[in-house]
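The values are calculated or read from the model by the stated rules, or taken from the named source; none is laboratory data. Bear in mind the structure is a predicted one, so any value in this text is a computation, not a measurement. Backbone-built Cβ (ideal geometry, glycine too); neighbour counts: all protein chains shown. To get the accessible areas, we keep the full protein, side chains included, count just its heavy atoms, and leave off ligands, DNA and RNA. Shrake-Rupley method; radii C 1.70, N 1.55, O 1.52, S 1.80 Å.
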Amino acid sequence: MRPVDLARRHGLSPQTVRNYEDAGIIPPAHRSRTGYRDYTATHAAGLAAYLALVPAFGYSTSRRIMHAATGGRLDEALEYVDDGHALLARDRGTLRTVEAALAHLGAAAPDAAGTRAPYSIGELARHLALNPATLRTWERAGVLTPRRDPRGHRQYLAQDVRDAELAHLLRRGGRPLGAIATVLGELRDAGSLEALASTLEGWRRDLTSRGRAQLYAAGQLSAYLDALDRSVRTG
């Protein structure tokens, strides 16, 4: 196939296909005697895999997966896929935690039973796999409201940990800090929860969409890996 043939299948420009090749996302093309690129079914499978991975894992992780797969580093590619699945599972767990907290908001101030607290800023940052500077930014925006000990050090109690986990979930979904601060304010004050319920329902739909995208991407990536294996066996 010519670049234009491969590009036309996916509504891309031929230059975009060449860029993906140059970036190592798909293997180097065969060259004709006159220097023109000649793509094969393996390249087509690679392009299909990458385009399926993007909505499932995002651009950065998808590129890492393809670089590793195309470079013959199968274990590395699968580790990136595993990390994406683990992140989705964690997001689902956080969503369930928040929904459970909402069900009991009217009764008492929520205490996450069994949650280790208080956390220092460093401990909470490690728990969320974030930089402490991010938590300070969230505090300035009103997302988090930790108390201070007599020495002035931040202390994150069970409710603060829950709020931080919810903020992390919403932030990954692209929600602005101002909106997250409003949602958490509603959660803390047990006031109007309509906006919070709507946000959580939207996130449930997003997680379902991401899960289905990951299933589809897994099939496309598997097909690409099979094509790479065949190309090696046939020389």
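Overview of results
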| read-out | value |
| --- | --- |
| Accessible surface, 1.4 Å probe, highest first, among residues E165, E201, E79, E21 | E79, E201, E165, E21 |
| Sum of side-chain charges, I25 neighbourhood, beta-carbon under 12 Å (Lys, Arg +1; Asp, Glu -1) | +1 |
| Computed FRET value (nearest 0.05) for R212 with E99, which takes r as the C-beta separation and R₀ as 22 Å | 0.60 |
| Environment charge at A69 (Cβ cut-off 15 Å; Lys +1, Arg +1, Asp -1, Glu -1) | -4 |
| FRET E, pair R204, S231, Förster distance 41 Å, beta-carbon r, rounded to 0.05 | 0.50 |
| T40 paired with A133, simple spin-label distance in nm, labels 7 Å along Cα-to-beta-carbon | 4.7 nm |
| Separation of alpha-carbon centers, the range 1-64 and the range 119-155, rounded to whole Å | 44 Å |
| Kirkwood Rh in Å, taken over all unlike Cα pairs in the range 20-94 | 13.4 Å |
| Gain on full stretching of the segment that runs from R9 to R175 - 0.36 nm per residue minus C-alpha separation | 56.4 nm |
| Cα gyration tensor category, rounded, prolate or oblate, for the chain with a/c compared to 1.5 | prolate |
| Y59-R18 FRET efficiency (beta carbon distance; Förster radius 22 Å; 0.05 resolution) | 0.75 |
| Most fluctuating residue given options R63, R204, R147, as computed from a GNM of the chain linking Cα atoms under 10 Å | R147 |
